[in-house]
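Notes for the one structure printed next.
No lab work stands behind these numbers, since they all come straight from the coordinates. In this text, all values refer to a predicted model and were calculated from it rather than measured experimentally. Neighbour counts are summed over all protein chains in view; Cβ atoms, including those assigned to glycine, are modelled from backbone coordinates with ideal geometry.
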Amino acid sequence: MRKKSYYWINGITLYRLIAAPFLLFLIFSEHINWFKWLLAFSFFTDAIDGFLARKYKVASVMGAKMDSLADDLTVLVAIVGLFFYHQAFIYQEYRWVLLLLILFLIQITCALVRYGKFTSFHTYLAKVAAVSQALFLIPSFFLPSPSLPLFYIAIVLTSLDLIEETMMVMLLPKWEADVKGLHEVIHKRNKNKVG
């Protein structure tokens, strides 16, 4: 039963990986209706695959890596959609978008230099930031224009998440998956010093 659950849950994550290039195709072929519903479904699968992996005790390093990549691709495709369908909004708020891009590149660069691969921390703050991103991005394609308050909330939470993850990379000597936050890293370091 566990093996079956493992394949089903990783299949949900795999859907997001496969869906990303198809969503890009829908953007550039201007099929906004298909795009917005499939994007919403991708965000929904993001919300359930990690929960199901923990519930059925089939969490794995490979699953964590796939989930992180699928999450990043889903958000990236949504941002491309914003550039395509809401250019005026992006130009108006480009400083904040640029800030997030810089923080993201710093975090990725630190991880690649330190570990030789991307992180898969799945922190509590990352989960909260992901919810805020979904709450901003999904309605942006169903409403005439994106919500500015939801945008700012997503910017703040995502920035805090990226800063936290960058600090975690600097503090954790070895790559680890599913580290719940900076507090856990500091606790481990203090425990190791005492031991």
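As a quick test, which of the pairs K4/K174; K127/K188; K117/K188; K55/K193; K55/K180; K57/K180 have an alpha carbon distance above 26 angstrom in this structure?
In this structure, K4/K174; K55/K193 exceed 26 Å between Cα atoms.
Expressed in whole Å with the largest first, what are the equivalent ellipsoid semi-axes of region 87-195 derived from the C-alpha gyration tensor as the square root of 5 times each eigenvalue?
31, 14, 10
Can you list which of the DSSP-assigned H helices in the chain have a Cα extent of 30 Å or more along the long axis and an average Kyte-Doolittle score of at least 1.0?
Helix filter hits for the chain: 61-85, 94-115, 148-171.
With a bin width of 10 angstrom, please list the P(r) values of the chain as percents of all Cα-Cα pairs, from the 0 bin to the one holding the largest distance.
All Cα pairs considered, the percentages come to 9, 33, 35, 18, 4, 1.
May I ask you to compute the full-extension gain from V128 to M167, defined as 0.36 nm times their residue separation minus their alpha-carbon distance, rounded to one decimal in nm?
Here the answer is 12.3 nm.
I want to verify a result. In a Gaussian network model of the chain, Cα cutoff 10 Å, which of these has the top mean-square fluctuation: K180, K55, K117?
In the Gaussian network model the winner is K55.
Only Cα pairs under 8 Å and at least 6 apart count here; give the relative contact order of region 6-75 as a rounded whole percent.
Reported relative contact order: 52 percent.
Output the relative contact order of region 92-195, whole-number percent, from Cα pairs under 8 angstrom with separation of 6+ residues.
About 37 percent, as a whole number.
Return the FRET efficiency for the residue pair K117, K188: r is the Cβ-Cβ distance, R0 is 30 Å, and the value is rounded to the nearest 0.05.
Once rounded, the FRET efficiency stands at 0.90.
Whole Å is fine, so just give me how far the alpha carbon centre of region 61-138 lies from that of region 153-195.
Centre-to-centre (Cα) distance: 17 Å.
Only Cα pairs within less than 10 Å get springs; with that Gaussian network setup on the chain, which residue of Y85, Y94, Y124 has the largest fluctuation?
Maximum among the listed residues: Y94.
Based only on other Cβ atoms within 10 Å, what is the fewest-to-most ordering of R114, R54, R95, R16?
R95, R54, R114, R16
Pairs of alpha-carbon atoms within less than 8 angstrom and 6+ residues apart define the contacts here; what relative contact order does the chain have, in percent?
Relative CO of the chain lands at 23 percent.
Taking the Cα centre of region 87-195 as the origin, how large is its charge dipole in debye, to the nearest 20, when only Lys and Arg (+1) and Asp and Glu (-1) carry charge on their Cβ atoms?
Approximately 460 debye in magnitude.
Just to be sure I understand the model, the point goes 7 Å from the Cα along the line to the Cβ. What's the resulting L135 to Y152 distance in nm?
Result for the modelled spin labels: 1.5 nm.
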